[in-house]
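The values are calculated or read from the model by the stated rules, or taken from the named source; none is laboratory data. Keep in mind the model is a prediction, meaning the values are calculated, not measured. FYI the Cβ positions are ideal-geometry reconstructions off the backbone, even for glycines, and counts take in every protein chain you see.
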Amino acid sequence: MTMTPAKVPRELDSPLDGGVGESRRRPDGTLKVTGEFAYSSDLWLEGMLWGVTLRSPHPRARIRSIDVSEALAHPGVEAVLTHEDVPGFKFYGLEHKDQPVLAIDQVRYQGEPVALVAADHPEVARRAAAKIKVDYEVLTPITDARRAAFDPDCEKVHEDGNVVRHQPVIFGGDVAEARAGADVIVSETFEVGIQDQAFLGPESGLAVPGEDGGVDLYVATQWMHSDLWQIAPCLGLPEEKVRMTMAGVGGAFGGREDLSMQIHAAMLAMRTGKPVKIVYNREESFFGHVHRHPARMRYEYGATRDGKLVFAEAEIILDGGAYASSTPNVVGNAASLGVGPYKIPSIRVDAYGVYTNNPPCGAMRGFGAVQACFAYESMMDRMAAALGLDPVTFRQINAAHPGDALATGQVLEHMAPLAEMLGRLKAMPMPPERDAAGHDLRELPGGVSNTTHGEGVRRGVGYGVGIKNICFSEGFDDYSTARVRLSIIGGEPTVLVHTSAAEVGQGLVTLKAQIARSELGVRRVTIAPADNQVGSAGSSSASRQSYMTGGAVKVACEAVRERMFKLFEERLGRPPASLAEAVEHLPEVLGDEVIDETREFHHHRTERMDPVTGQANSHTQLAICVHRAVVDVDVELGLVKVVELAAVQDVGKIMNPLSLEGQIHGGTAQGLGLALMEEIVVADGKVRNPSFTDYLIPTILDMPPMRLDILEYADPRAPYGLRGAGEPPTLSSTPAIVAAIRDASGLALTRVPVRPEHIAGSS
Amino acid sequence: MEFLRPTSWGEALAAKADAPGAVPIAGGTDVMVELNFDKHRPEALLDLNRVGELATWSEEEDGRLRVGAAVPYARIIGELGGRLPGLAMAARTVGSPQIRNRGTVGGNLGAASPAGDSHPPLLAADAEIEVESAARGTRMIPAGEFYTGVKRSALAPDELIRAFHVRPAEGPQQFSKIGTRNAMVIAVCSFGLALHPSDQRIGTGIGSAAPTPRRAFEAEEYAAGELDWAGRSPLDERVARRFGELAARAAAPIDDVRGTAEYRLHALSVMARRTLTWAWKDYLNGGATACA
Amino acid sequence: MERGETAVRAEIALRVNGEERRVVADTRTSLLDLLRERLGLTGSKKGCDHGQCGACTVLVDGRRVNACLALAVAHQGADVVTVEGLADGDEPHPLQRAFVENDAFQCGYCTPGQLCSAVGVLAEAARGWPSHVTADLAADGVELDEAEIRERMSGNICRCGAYPGIVAAIREAAGGGTAR
């Protein structure tokens, strides 16, 4: 008998109305507001064990020996496993299989999993894990990414060298020549600290051993099939014996693209023959997933006196930490989007992804484009200032228009002109001036902490532009799969939409129902839980699911509609006059029959970047968001109150106004976090703030009201003409806020997050 | 872990005498963090929630307020905001509304963290801490002598904190705290200030900028001497600035993940200068500060 | 074994969502773990175990608290309301309805805590409790405008950034209109 957890993901009934383009309620909304939604941490099975991970306290060490005997003897303990117990292939990874399931003979970052314990109670498992004796020979960690990349004498984190990927981009004329012709040259080095996804629901899941020797996994992930392709070989199982069901996901933002507890829980379940649950606490979560790459970026721009950029040169170093994760693609993004959506005759970008013994980094909302955006937008402001031009005007002069090429030579098509977006942004009303007389603390930097009654407070305004690739790039044949089933239930036509796509909060379940309703004209739509009984949907990342899984649901619905029409004609001797008529007659036409169609949707092909020049049509779709930030800064204490954020974004087609606004708000808030407060602080390879006490996320008091202007320049290649929307606002809000602080303080501010001590004393 | 539930103060003292390792708990907002992360495994917890008197406050014959150790911050703000404005201002920056519903000054004192928000206003207002043991009875510890080291206090292992005593504000009070976000933040550093017009004196308290919360004596003396109490003339900007410098000089901060030592010193000097300016302005306007 | 390692169990009696519940648990158990692991009420969420995210917010004797910072055994006899107890039978609480209508969440993990916190806010305002920022402490009644809602909801983090929707939902439930 298969064991099913007490609280499992279930089918979602969608509201009975609302097609594409309308603000509809989420089908999972009621479950989420009643506490019934089954998140991965809520799963429970009678007799289940609790798994715990022993992690390395050192960022770099050799393991001389591991002694598990005392832990194994601890009452209540059912298994203690090390790398020797990994049943199959001992390494995994998104792009390079360089990460051991459990450390083998050495550890390369603080928090690397070394051993696993399963026991009848989490407390027992923790106590037992503390009794595992690991004899470490501690080594000096390699922590300087630049040195790791360029110093031939630097030790290697992995045998094959410290540079994971170097991607140059060479565009247009010779940079040295262009430099000679520039009237004004500015250069600067920028830094971006490590941002964490900090999803609120820590990593967790349940593994249930199957009678066939396989395993049932209930996990919260972003791409179930990518998990599966990594898990099955490590467990030594064929893919069909690893049955996966998506449990409720408490936020993702890129942090669930890599595996965390999946293989570990499965190993413990297979070894003990019992269900095993693993739940990380917040501290462990900081070590349990990859972060946003910290970056060090050296930029130099030249322009003519009349405000035209003539060259751009950039060196971008992204510290990928101990394992590759998605570093290669992050490098590709940083390189290809390294100077933003501007028309520059000569460009040279060198982007590097590097191995060190720092925390491993990979995907986070914005994926490589965020870091570069902070640098190139800071450069745009700096050059504008050097030329004595208004920052918006300077951007408009140099904005790439549809038909112009990016640094990779890829031509911008079917999108809103940046210059016009900036014009609209600048024309939006400004928030009222601060009332200098009153001092409502809530409106001042520092809030009720009562640090100023107006002293030192200056207002600043800043602008930011960001360009993000939508969907996977660089020649990857990306696709999504959808199964759509039409039947008559209780006399009413009912559609079931089944995909393996991860609903991570973005509202894909709402969108799938809207598409099915629009394409099939049916009121009743049910969303099946995501599992691997249907083909891959690809990842809930790269702002791609509306495009890809939306596209797959659309084509599957079209196939169902075609059969529906054919059946209508067979039964009634004529084609239906309209979709409505076909649906009206469905109960008699369909009877007990079921129409069940599965379709794959692929986007148009892209190209790999040329390894020497970076030239290629590497991106599927591009999207731009522009932000204006208005801030009040206490320039003496360095405290910032963001007064208002305004954004203009081109989304191709508004599929659901309410959830679209939510995406823009959310992306903007995370960009605000990076600008002002969010950073994993690392010293000598060790994380110093793995808690929500010291890793600060914006609260409701930090996130100001927003003005939005949403444009719809349809992309004819995309379903409904839509453009992915979740990531672009994460890019542009950061530089806009920092620009506004610079405007208020007059400081250069070359690093994010901007800390109070970077501003203080600037009055 | 034993869980002790005295129903009276006497029982609580007896229990503490019996098990000096027992950790007192009221709101739990501090102790539970340690328990949840397994940082501390006390042999016993001493639940003070049934000792009703600890959650009450009263006016004493000496004119002071006696505030039970387990009165939560939310009530200090709501019930005592007018009379203890400095403490109330600090209280409203503690954690979140949820934490203010449960957390107590007694807990802040027991933990004796240099970052505790109640310490600077208690120091500035010359509060005294009433502690008691079954063996030796009651003793009053001035706030300035209570904090002895990082997370260490003058409390003996068999003693419990019963209350703090403090005069209702007779002059303006201020509290100012640096945090890198607008809510739910532990102090990077903080400063409390109280004017004591009848003694022509000011009190100060520095938070999160030394191993213990501490007063800035030199600054206090300097300002007391420079301020024109009787003539009520406006504050000289140079005096305010000097006061700020002296306040910062009293601190001994370190670099940590929340901020640099240099920034803390700078911020303290600014907060001290500003709070003195506001308080003096209020004094000239003839009033004490309401907790606004 | 040291003394502190000995698990001591105690019977804990609580009224949870209107039902009397009795359970024997380790004295170290937090109210959150008791609700989630022992009483099967997994609606309240564990986000940080630190009181720094608010996902575990429940109402204890009518006041909002972080269940992760509440020791279960210290709450003998308390009246606890969790997200599972907000609805009136099949009739959702007006805040639950408003959260859905205003898209006041995305992943939804913080939502149970946001809702319990918001219920606490409405109750506090109805009782005329001054906000911790209200200038006039003697004012009768409290108007829950946007600034007031933000101030009072500052103990609940939403990582998805659905704050505009949360403000709109609470305003709507408080009868203050639906302006976003």
Tabulated pairs, the stretch A:417-433, first of a type in the set (Lys, Arg), second at pLDDT 95 or above, C-beta under 7 angstrom, 6+ apart or interchain: A:ARG424/A:VAL648; A:ARG424/A:ASP709; A:LYS426/A:VAL392
Flag for A:SER23 being part of a loop (DSSP other than H, G, I, E, B) and either buried (at least 23 other Cβ atoms within 10 Å of the Cβ) or under 25 Å from the mean Cα position of the chain (by Cα) (or both): yes
Criterion (under 24 Å from A:VAL219 (Cβ atoms) and either in contact with a strand residue (DSSP E or B) (Cβ under 6 Å, 6 or more places away or on another chain) or among the aromatic types (Phe, Trp, Tyr) (or both)) met by exactly one of A:ALA115, A:ALA6: A:ALA115
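Against the definition (within 23 Å of A:HIS604 (Cβ to Cβ) and surrounded by fewer than 15 Cβ atoms within 10 Å (Cβ to Cβ)), how does A:ASP477 come out, yes or no?
Numbers: within 23 Å of A:HIS604 (Cβ to Cβ): yes; surrounded by fewer than 15 Cβ atoms within 10 Å (Cβ to Cβ): yes.
Criteria met by A:ASP477.
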Residues of the stretch A:449-492 that turn out to be within 13 Å of another protein chain (Cβ to nearest Cβ), out of contact with any His (no Cβ under 7 Å at 6 or more places or on another chain) and either part of a strand (DSSP E or B) or of a type outside the set (S, T, N, Q) (or both), as a count: 3
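Output yes when any residue across the stretch B:143-153 is within 14 Å of chain C (Cβ to nearest Cβ) and modelled with pLDDT of 95 or more, and no when none is.
Of all residues in the stretch B:143-153, those within 14 Å of chain C (Cβ to nearest Cβ) come to none.
No, because not a single residue in the stretch B:143-153 is within 14 Å of chain C (Cβ to nearest Cβ) and modelled with pLDDT of 95 or more.
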Scope the stretch C:35-77; condition surrounded by 24 or more Cβ atoms within 10 Å (Cβ to Cβ) and at positive phi; matching residues: C:ASP49, C:GLY51, C:GLY54
Whichever residue in the stretch B:11-61 is part of a helix (DSSP H, G or I) and touching a Phe, Trp or Tyr at 6+ places or on another chain (Cβ under 8 Å) and, among such residues, is farthest from the other protein chains (Cβ to nearest Cβ): B:GLU53
Test: A:GLN230 is of a type outside the set (D, E, K, R), closer than 16 Å to A:SER536 by Cα and modelled with pLDDT of 95 or more: yes
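Every residue, every condition in (1) assigned to a loop (DSSP other than H, G, I, E, B); (2) in contact with a Pro (Cβ under 6 Å, 6 or more places away or on another chain), yes or no:
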{"site": "A:GLY550", "(1), (2)": "no, yes"}
{"site": "A:ALA559", "(1), (2)": "no, no"}
{"site": "A:ARG563", "(1), (2)": "no, no"}
{"site": "A:PRO575", "(1), (2)": "yes, no"}
{"site": "A:GLU581", "(1), (2)": "no, no"}
{"site": "A:VAL589", "(1), (2)": "no, no"}
{"site": "A:ASP592", "(1), (2)": "yes, no"}
{"site": "A:THR606", "(1), (2)": "yes, no"}
Options A:ARG755, A:ARG717: the member that is at pLDDT 95 or above and within 14 Å of chain B (Cβ to nearest Cβ): A:ARG755
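Of B:ARG201, B:ARG249, B:ARG215, B:ARG238, which residue is in contact with a Ser or Thr (Cβ under 6 Å, 6 or more places away or on another chain) and away from chain A (no Cβ under 14 Å)?
Values: B:ARG201 fails: in contact with a Ser or Thr (Cβ under 6 Å, 6 or more places away or on another chain); B:ARG249 fails: in contact with a Ser or Thr (Cβ under 6 Å, 6 or more places away or on another chain); B:ARG238 fails: in contact with a Ser or Thr (Cβ under 6 Å, 6 or more places away or on another chain).
Just a single option satisfies the conditions, and that option is B:ARG215.
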Filter pass, B:ARG92 being of a type in the set (Lys, Arg), surrounded by 20 or more Cβ atoms within 10 Å (Cβ to Cβ) and closer than 17 Å to B:GLN173 by Cβ: yes
Residue list for the stretch B:89-107, restricted to those being part of a helix (DSSP H, G or I) and within 14 Å of chain C (Cβ to nearest Cβ): B:MET89, B:ALA90, B:ALA91, B:PRO97, B:GLN98, B:ILE99, B:ARG100, B:ASN101, B:ARG102, B:GLY107
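In a helix (DSSP H, G or I) and in contact (Cβ under 8 Å) with a residue 40 or more places away in the chain - does that describe any residue in the stretch A:500-508?
Of the residues in the stretch A:500-508, the ones in a helix (DSSP H, G or I) are A:508.
When the remaining residues are screened for being in contact (Cβ under 8 Å) with a residue 40 or more places away in the chain, the result is A:508.
Within the stretch A:500-508 (the criterion being in a helix (DSSP H, G or I) and in contact (Cβ under 8 Å) with a residue 40 or more places away in the chain), the answer is yes, since at least one residue qualifies.
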All positions within the stretch A:569-593 that are among the hydrophobic types (A, V, I, L, M, F, W, C) and loosely packed, with under 11 Cβ neighbours inside 10 Å: A:ALA577, A:ALA580
The listed residue being surrounded by fewer than 23 Cβ atoms within 10 Å (Cβ to Cβ), at pLDDT 95 or above and within 18 Å of A:TYR280 (Cα to Cα), out of A:ALA38, A:ALA73: A:ALA38
Subset of the stretch A:217-243 (residues that are crowded, with 23+ Cβ neighbours inside 10 Å, under 10 Å from A:GLN262 (Cα atoms) and touching a residue at least 60 places away in the same chain (Cβ under 8 Å)): A:TYR218, A:VAL219, A:ALA220, A:THR221, A:ILE231
Residue among A:VAL633, A:VAL738 that alone is surrounded by 22 or more Cβ atoms within 10 Å (Cβ to Cβ), assigned to a strand (DSSP E or B), of a type outside the set (Gly, Ala, Ser) and in contact (Cβ under 8 Å) with a residue 24 or more places away in the chain: A:VAL633
Criterion (closer than 20 Å to A:PRO209 by Cα, in contact (Cβ under 8 Å) with a residue 24 or more places away in the chain and either out of contact with any Gly (no Cβ under 6 Å at 6 or more places or on another chain) or not assigned by TED's automatic domain parsing to the domain that holds A:ALA118 (or both)) met by exactly one of A:ALA79, A:ALA61, A:ALA103, A:ALA71: A:ALA79
Residues of the stretch A:435-448 classified as part of a loop (DSSP other than H, G, I, E, B) and either over 36 Å from the mean Cα position of the chain (by Cα) or charged (D, E, K, R) (or both), total: 6
Output for the stretch B:172-198, where each listed residue is more than 14 Å from every other protein chain (Cβ to nearest Cβ) and either surrounded by fewer than 24 Cβ atoms within 10 Å (Cβ to Cβ) or free of Cβ contacts under 8 Å to residues at least 60 places away in the same chain (or both): B:HIS196, B:PRO197, B:SER198
Checklist (1) surrounded by fewer than 24 Cβ atoms within 10 Å (Cβ to Cβ); (2) outside any loop (DSSP other than H, G, I, E, B) applied to A:LEU747, failing item: (2)
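Identify, please: which residue in the stretch A:680-709 is under 23 Å from the mean Cα position of the chain (by Cα) and more than 14 Å from chain C (Cβ to nearest Cβ) and is, among those, farthest from A:LEU139 (Cα to Cα)? Steps first, answer last, please.
So the first thing to find is which residues in the stretch A:680-709 are under 23 Å from the mean Cα position of the chain (by Cα), and the list is A:680-682, A:687, A:689-692, A:694-700, A:702-704, A:706, A:708.
If we keep only those that are more than 14 Å from chain C (Cβ to nearest Cβ) too, we end up with A:680-682, A:687.
Working: A:ILE680: 22, A:VAL681: 21, A:VAL682: 17, A:VAL687: 17 Å.
It comes out as A:ILE680.
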Any chance A:ALA145 is more than 29 Å from A:LYS277 (Cα to Cα), under 32 Å from the mean Cα position of the chain (by Cα) and not acidic (Asp, Glu): yes
Options B:VAL51, B:VAL33, B:VAL23, B:VAL71: the member that is among the aliphatic types (A, V, I, L, M) and under 23 Å from B:PRO121 (Cα atoms): B:VAL71
Helices (runs of 4 or more DSSP H) wholly inside the stretch A:204-313 that include at least 1 residues being under 21 Å from A:MET364 (Cα atoms), aliphatic (A, V, I, L, M) and more than 14 Å from chain C (Cβ to nearest Cβ): A:224-235
